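Take a look at the structure below.
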Amino acid sequence: MLAYPHVAARLFPRDASGERDSKNVGLFLGLAVHDTAQVMGCAASFADQYDDADVVAAAAVAKLTRNCYLAGVVPLMALKHAAPAASPVAAAAAAVPGFVGGFILAAACRTLGDSQLAAGGNALGMFDAPSWKATVDGVAGFGTRVLLAAGLAGVGLGIKPDAFRGVGPRPFLVGAAGAAVVGGVGLAAALVAHADR
């Protein structure tokens, strides 16, 4: 989260007219960073430091597209590897994290509001276009700044140093190799898309 915004700025500099390839910066961040919250943190950091808010939307679309594929794969894997006594419905329900329901609800609210505005009405029956944009931007800003920081702090504070004793370097090497593969694939996809523009 700390390095990738700066890496992206170097890989995709502004052109002679001062324009940056925001979509492919977002594509790189959305594909190269594993966790959705960290993607949004990287994109928000890039937007703040390099004055390019379009990167946030592009990174969100790239990452959420990846997540859509997981929505089908995770329950299928849960069913395949469920204990013999577990019912298929219970196995699939146990494999779906609780935050997915909140995500689906938030996505449905945003989609409904946007579609109502596009049809000439008010978003959710009460927000005109400027107030809807202000509300969405306020919620997104709160989420990417306050909730992301709180979530990452919670993860960090929950780590017990004793857990690292005796594990050796192998798990860290596997993690670094996985991050390098994911980052390399994300970079390659963004560079190919950038070359085609």
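Read the figures in this text as sums done on the coordinates, not as results from a lab. In this text the structure is predicted, and so the values were computed from the model without any measurement. Neighbour counts are summed over all protein chains in view; Cβ atoms, including those assigned to glycine, are modelled from backbone coordinates with ideal geometry.
Table for the structure above
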{"read-out": "Exposure proxy order (Cβ contacts within 10 Å, fewest to most) of Y69, Y4, Y50", "value": "Y69, Y50, Y4"}
{"read-out": "Helical segments meeting 24 Å axial Cα length and Kyte-Doolittle -1.0 threshold in the chain (DSSP H)", "value": "54-80, 99-118, 170-195"}
{"read-out": "Reach of K63 by Cα under 26 Å, taken over lysines that are not fewer than 8 positions away in the same chain", "value": "K23, K80, K133"}
{"read-out": "Among F46, F142, F172: highest mean-square fluctuation, GNM of the chain, C-alpha pairs under 10 Å", "value": "F172"}
{"read-out": "The chain: Rg to Rh, with Rh as the Kirkwood radius over Cα pairs", "value": "1.02"}
{"read-out": "Charge dipole magnitude, Cβ of K and R +1, D and E -1 - the stretch 129-197, Cα centre, debye nearest 20", "value": "140"}
{"read-out": "Magnitude of the charge dipole, the chain, Cβ model with Lys/Arg +1 and Asp/Glu -1, debye to 20", "value": "660"}
{"read-out": "Highest average packing first - 58-68, 104-114, Cβ atoms within 10 Å", "value": "58-68, 104-114"}
{"read-out": "Whole-number percent relative contact order across the chain, with pairs defined as alpha carbons under 8 Å at least 6 apart", "value": "26"}
{"read-out": "Inter-part distance where the stretch 167-197 and the stretch 1-22 are each reduced to a Cα centre, Å", "value": "18"}
{"read-out": "Dipole of the chain [Lys/Arg +1, Asp/Glu -1 at C-beta], most positive-end residue of Q116, V185, Y4", "value": "V185"}
{"read-out": "Ranking of V100, V7 by count of other Cβ atoms within 10 Å, fewest first", "value": "V100, V7"}
{"read-out": "Neighbour-count order for M40, M126, fewest beta carbons within 10 angstrom listed first", "value": "M126, M40"}
{"read-out": "Under 11 Å, Cβ to Cβ, from P13 - net charge with Lys/Arg +1 and Asp/Glu -1", "value": "0"}
{"read-out": "Net charge of neighbours whose Cβ lies under 15 Å from the Cβ of G183, counting Lys and Arg as +1 and Asp and Glu as -1", "value": "+2"}
